[in-house]
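Colleague: Handing you this structure, nothing more for now.
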Amino acid sequence: MSVEKDILNLEDRRIAAMTAQDFGALDPLVHGELLYTHSTGVTDTKASWMESMRSGRVKYKSAACSERKVRVFGDVALVNGKANFQAEVNGQPRTLKLFFLNAWTRTPQGWKFVAWQSCPQPA
């Protein structure tokens, strides 16, 4: 299997774990140095991002990603594409239509999700 296919498989596993609130499956995919920059400009660390979901403050109800492209540069893989999230933030339903760029890095424990940055798709 190519690295690009491996990364897309890991992306699918990450999204499935987020929407299932399966933190046991999500945690090992996420690098300890994660920076998750939301479309609002707020940046979470791994600890604060995981806590926002564990506490129920943020619930990802569904997520569909499309037009994903993977580019590999040594031990870093960049993924960009479009995402459509149905979420609940502080009890309020949200529909998020985003462009995203994220990064995975190869570690001795395998590929880890290390960065996310997104912005709203124009109307």
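Colleague: Working only within segment 69-94, note down all residues that are within 16 Å of the chain's Cα centre (by Cα) and either of a type in the set (S, T, N, Q) or more than 23 Å from Gly41 (Cβ to Cβ) (or both).
Modeller: Residues satisfying the conditions are Lys69, Val70, Val76, Ala77, Asn80, Asn84, Gln86.
Colleague: Output the residues belonging to segment 1-49 that are closer than 18 Å to Ser118 by Cβ and among the charged types (D, E, K, R).
Modeller: Of everything in segment 1-49, those that are closer than 18 Å to Ser118 by Cβ and among the charged types (D, E, K, R) turn out to be Glu11, Asp12, Arg14, Asp44, Lys46.
Colleague: Given the conditions (1) under 19 Å from Gln121 (Cα atoms); (2) loosely packed, with under 12 Cβ neighbours inside 10 Å; (3) modelled with pLDDT of 95 or more, which single one is not true for Asp75?
Modeller: (1)
Colleague: Further, regarding this structure: As an exercise: evaluate Gly91 against (1) over 24 Å from Gly32 (Cβ atoms); (2) in contact with a strand residue (DSSP E or B) (Cβ under 7 Å, 6 or more places away or on another chain) and give the number of the one condition it does not meet.
Modeller: Result: Gly91 passes all but (2).
Colleague: Could you check segment 1-89 for strands (runs of 3 or more DSSP E) lying wholly inside it with 2 or more residues that are without any contact (Cβ under 8 Å) to a residue 12 or more places away in the chain?
Modeller: Counting at least 2 such residues, we get 43-45, 58-73.
Colleague: Restricting the search to segment 90-123, which residues are of a type in the set (S, T, N, Q) and part of a strand (DSSP E or B)?
Modeller: Gln92, Thr95, Asn102, Thr105, Thr107, Gln117, Ser118
The values are calculated or read from the model by the stated rules, or taken from the named source; none is laboratory data. Computed from a predicted model, the values in this text were never measured in an experiment. Glycine also receives a Cβ, built like all others from the backbone with ideal geometry; neighbour counts cover every protein chain displayed.
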